[in-house]
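Chemist: Before I ask anything, let me first share the structure, which is written out below as structure tokens.
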Amino acid sequence: MLLAMPALWYLATSWCSTSGGRTTWRLVSYLTWGVLQERVMTRSYGATATSPGERFTDSQFLVLMNRVLALMVAGLSCVLCKQPRHGAPMYRYSFASLSNVLSSWCQYEALKFVSFPTQVLAKASKVIPVMLMGKLVSRRSYEHWEYLTATLISIGVSMFLLSSGPEPRSSPATTLSGLILLAGYIAFDSFTSNWQDALFAYKMSSVQMMFGVNFFSCLFTVGSLLEQGALLEGTRFMGRHSEFAAHALLLSICSACGQLFIFYTIGQFGAAVFTIIMTLRQAFAILLSCLLYGHTVTVVGGLGVAVVFAALLLRVYARGRLKQRGKKAVPVESPVQKV
């Protein structure tokens, strides 16, 4: 953990400095995260000519490391950067942390009982539930064109993912319990981002939010690992394989950087915009894979991409018209004549 301090220091200071530093860290973290996650969970450690080595299977231990590093990054940022006066009660962060844990559990459990197309449709259609949850949690109102563009984006991304993404051979059949778990995942995930959005009413910064949420997330995760007896085993595995320790540490730093982007986006633009960004990121990742590895994009997939871009253009146009109306509605005061 001491070896990570220089990297954490640079991450915290670059986040405080400029938006360019935030963008750079975001891009680097996503690329590194994808490579390392596959390496950690699918390859063996300690393999020799006479031994196949052993694999690390406890993803919850990695989640704990991610949250501990994120807590340290947020703490350093709060110390190094000037922060607004904190007025939110600490217990309110626990609701977002608990709903995040429950959404992750429902997501992983649902994968065992729902088919691949059902998974894709659920993940691509999260924007509408997030908007509806926003009306309940933070009393946020949306225009009709926002619902329309969100629906078009969900439809377009679903068309592209279903036609371009290869379906796993072992995809299970969809059951009622799987649909209930999937509904729980969408509900808890929608509540998490909207509750965090509502907490920004206390005029806190994104790193203060990140610190509070990860503080309770660490407590919940440690409690779960202790109850399962997996905390000690994960620590022993890390002690046996120094390469795994380095990979897990770098993975956690990338996760912390990703969280900085998440909380900043929710604080600046709201939960619905953040969900749209993450939904589009799934489609762009598969599109990039098609371009790099020569996978074909079907006619339905191309039509889905066209629908997404049309929805984005409509969203930009509607926002521009709304700003113009706002400017015209502001009365211009006539100059005061001097007597």
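Readers should treat all values here as calculations from the given coordinates under stated rules, not as data from a laboratory. Because the structure is predicted, anything quoted here is derived from the model rather than measured. Here Cβ is always computed from backbone atoms with ideal geometry, including for glycine, and neighbour counts include all displayed protein chains.
Chemist: Evaluate the charge dipole of region 78-203 about its Cα centre and quote only its size in Debye, nearest 20, assuming +1 on the Cβ of each Lys and Arg and -1 on the Cβ of each Asp and Glu.
Modeler: The dipole magnitude comes to about 440 debye.
Chemist: Where the Cα atoms of region 146-251 are projected onto their three principal axes, how long is each span, largest first, in whole Å?
Modeler: 50, 48, 29
Chemist: I've got another one for you. Taking R0 as 51 Å, what's the FRET efficiency between Leu322 and Arg55 from their Cβ-Cβ distance, rounded to 0.05?
Modeler: Computed FRET efficiency for Leu322 and Arg55 comes out at 0.45.
Chemist: Could you order peptides 128-135, 80-87, 106-113, 186-193 by the average number of other Cβ atoms within 10 Å of their residues, highest first?
Modeler: On the way: 128-135: 19.6, 80-87: 11.4, 106-113: 17.2, 186-193: 23.2.
Packing order, densest peptide first, comes out as 186-193, 128-135, 106-113, 80-87.
Chemist: When the Cα centres of region 111-144 and region 169-222 are compared, how far apart do they sit, in Å?
Modeler: Cα centroid to Cα centroid, the span is 12 Å.
Chemist: Hey, with R₀ at 41 Å, roughly what FRET efficiency would Thr151 and Glu227 work out to, going by the Cβ-Cβ distance, to 0.05?
Modeler: About 0.50, to the nearest 0.05.
Chemist: If you take the square roots of the eigenvalues of the alpha-carbon gyration tensor of region 52-189 and sort them as a ≥ b ≥ c, do you get rounded (a/c under 1.5), prolate (a/b over b/c) or oblate?
Modeler: On the way: a/c = 2.04, a/b = 1.20, b/c = 1.70.
It is oblate, given that a/c is not under 1.5 and a/b is not larger than b/c.
Chemist: Subtracting the Cα-Cα distance from 0.36 nm times the residue separation, let me have the gained length for Ala47 to Phe309 in nm, one decimal.
Modeler: 89.6 nm
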